[in-house]
Amino acid sequence: MQQQPILAAVDLGSNSFRLQVARVESEQLYMLDGLREPVRLAAGLTADKYLDAPAQQRALTALARFAERLRDLPREAVRAVGTNSLRVAKNAADFIPQAEQILGFPIEVIAGREEARLIYLGVAHSLPHSQDNRLVMDIGGGSTEFIIGNGYTPLKLESLYMGCVSFSNRFFPDGKITKQNLKQAELAARSELQTIVADYHGQWREALGSSGTAKAIAEILEQNGYSQGGITRDGLEKLRTHLLNTGDVKKLDLQGLRPDRVATLAGGFAIMYAAFCELDITDMDAASGALREGVLYDLWGRFHDNDVRAVTVQQFMQRYHVDAKQAGRVAKLAEIFAQQFFGSENVSDSKNWEAALHLLDWAANLHEIGISVAHSGYHKHTAYILANADMPGFSKKEQARLSLLTLAQRGNLNKLKGQLNNIEDFILAMSLRLAVLFYRNRSDIGLPAMQVRCSGMEFHLAIEPEWLAQNSLTESALQDEIKQWKTLGVGLQIPVE
């Protein structure tokens, strides 16, 4: 992957959308420009988890502004990620294509633990080195991430379904703050925290809060004399008393409280207060790094042969006891086929061969992980694992494509009807499927010279007739392949001279 001098990250958060642009110089990233739009996407989630029209319009308007700043940057230099609201919205699949068209770049919806990993990466790069474990807490609009890490390495990652927007809407819909609704919000947050208390309690020396809510609370405590620095338990108690005495967020008179933070302060405070109580936090500093910086450093790593996705694939191969030699054989042959298919005249304008070939390589290396569950139908087990496991570095969309490719590796192709959406998908599925077929005997057999090409939905495989005549099992399997692809309206021609 060719290094880019400018990188950009877009964070489509549940409260705010953020854009961060950085310059790459030697082995460092220098932050150049940042934009923030208080979209409050989570506030537009209806009771049945649909993004309403006003929230969608706010989001599209913000992305249009970002698009102007990102103009002329190459596709590989920009990474846009969606978080909790886009994870849970039932109409996200309809909204995201509109958003991508306006932004001009693809949008990845990332899982909660992947969000936590990227947050920690951003925070870790903003801090001096330390030998001690650190706790990082990030209160977002719809979820809150908790990470324990050391250096640049996250040790524990969790994402809990509570955020400053969702809690404010749920417990303080009219802005009124009473003893009853504040206690209900705090108890709800403490209940969520019960799932991690045993693993997290006492496992760090320093606590850090990232993103807007932590920074807002820290500024309020400091500027109103409730804290000498950062967030403290005593400072939170004083702020809690002030909130109850005022009784209405719209009447709050607090130094450091920005107008765009008023509507979400009560919900964010309840989550922060509950975390201090349940995890026995005494003080917390606000960190300058957050998700968007983590996305930038992760993107930067991909240009320096330090792609965490490759590490994840290797870890999965070890965890599921993959036959590395067999995986290597299949991966190498699948890549040869795919390169020839992509080189065909009608697909010579394919946008992103390199990314597609990386995906194919990962799918080939992981295509047999389901054997650890059961050999019968192992491709289905593989597909399920890849679709549902926590895979650091991978977006939900990438996991879905890996799952689909490995599901396609063998068996009846009826299961793929309507799921392969473009020529790239067909090329990758065809390449992996043929590679698995030719190495069915799981040995380093001498394969004949083969040439493949495609024209629209017509695929061609040229192979030595003499070799086929001597390998009747493979010939029979190829004839069945022709029938299988025909069910999807795809032609596979294997001329015999």
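Taken together, the values in this text are just the output of simple stated rules run on the coordinates, not laboratory data. All values derive from a computational prediction rather than experimental measurement. Neighbour counts run over all protein chains shown; Cβ positions are idealised from the backbone, glycine included.
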For the chain, averaging the sequence separation of alpha carbon pairs under 8 Å that lie six or more residues apart and dividing by its residue count, the contact order in percent is 13
If you take every DSSP beta bridge whose two residues both sit in region 127-287, what share of them, in percent to the nearest 5, is antiparallel? 70
Fewest Cβ neighbours within 10 Å first, please rank Leu41, Leu51, Leu127 accordingly. Leu127, Leu51, Leu41
Going by how many other Cβ atoms sit within 10 Å of their own, how do Cys164, Cys454, Cys277 line up, fewest first? Cys277, Cys454, Cys164
Relative to the longest principal axis of the C-alpha atoms of the chain, give the angle of the C-alpha long axis of helix 179-200, reported between 0 and 90° and rounded to the nearest 10°. 50
Once you place label points 7 Å from the Cα toward the Cβ at Asp234 and Ala355, how far apart are they in nm? 5.2
Potential lengthening between Ala198 and Leu447 on full extension [0.36 nm per residue; Cα-Cα distance subtracted]: 84.1 nm
Sorted by chain and number, the residues with a modelled amide H under 5 Å from that of Gly140, at a separation of 5 or more or across chains, are Glu145, Cys164
Residue (of Gly82, Ala338, Gln194) at the positive-pole extreme of the chain, dipole from beta-carbon charges: Gln194
Separation in nanometres of the label points that stand 7 Å from Cα toward Cβ, at Gln339 and Ser476: 3.4
Apply the Karplus curve 6.51 cos²θ - 1.76 cosθ + 1.60, θ = phi - 60°, to the phi angles in region 432-437 and return the couplings in whole Hz, x for Gly and Pro. 5, 4, 5, 5, 5, 4
Based only on other Cβ atoms within 10 Å, what is the fewest-to-most ordering of Tyr226, Tyr30, Tyr320? Tyr30, Tyr320, Tyr226
Per residue of region 222-227, in order, report the coupling 6.51 cos²θ - 1.76 cosθ + 1.60 (Karplus, θ = phi - 60°) as ³J(HN,Hα) in whole Hz, putting x for Gly and Pro. 5, 6, 9, x, 7, 8
Using square roots of five times the C-alpha gyration tensor eigenvalues, list the equivalent-ellipsoid semi-axes of the chain in whole Å, biggest first. 49, 22, 21
For Glu108, residues with placed amide H under 5 Å, excluding near neighbours: Ala80, Val81, Gly82
How many angstrom separate the Cα center of region 422-439 from the Cα center of region 104-137? 35
Interchain or sequence-distant (5+) residues whose placed amide H lies within less than 5 Å of the amide H of Ala207 are Leu135, Asp285
Considering only DSSP beta bridges whose two residues both sit in the chain, what percent are antiparallel, to the nearest 5? 70
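Taking K and R as +1 and D and E as -1, what net charge do the other residues with C-beta under 15 Å from the C-beta of Lys176 add up to? Could the numbers behind the result be given before it?
Numbers: positive: Arg170, Lys179, Lys183, Lys250, Lys251; negative: Asp174, Asp248.
Cβ neighbours under 15 Å give a net charge of +3.
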Given charges at Cβ of Lys, Arg, Asp, Glu: the chain dipole, positive-most of Gln451, Leu413, Leu265: Leu265
As a quick test, which of the pairs Lys90/Lys250; Lys49/Lys238; Lys183/Lys396; Lys215/Lys397; Lys176/Lys238 have an alpha carbon distance above 24 angstrom in this structure? Lys90/Lys250; Lys49/Lys238; Lys183/Lys396; Lys215/Lys397
Charges at C-beta only: +1 for Lys and Arg, -1 for Asp and Glu. How large is the resulting dipole of region 127-287 about its Cα centre, in Debye rounded to 20? 460
³J(HN,Hα) across region 471-483 via Karplus (A = 6.51, B = -1.76, C = 1.60, θ = phi - 60°), whole Hz, x for Gly/Pro? 10, 5, 5, 5, 4, 5, 5, 5, 5, 5, 4, 4, 5
Normalised per residue, the volume of the convex hull around the Cα set of region 127-287 (Å³): 99
Please work out the Cα center distance from region 177-255 to region 7-70, rounded to the nearest Å. 25
Residue-averaged [θ]222 nm for the chain, counting only DSSP H segments that reach four residues, each worth -39500 (n - 2.57): -15500 deg cm²/dmol
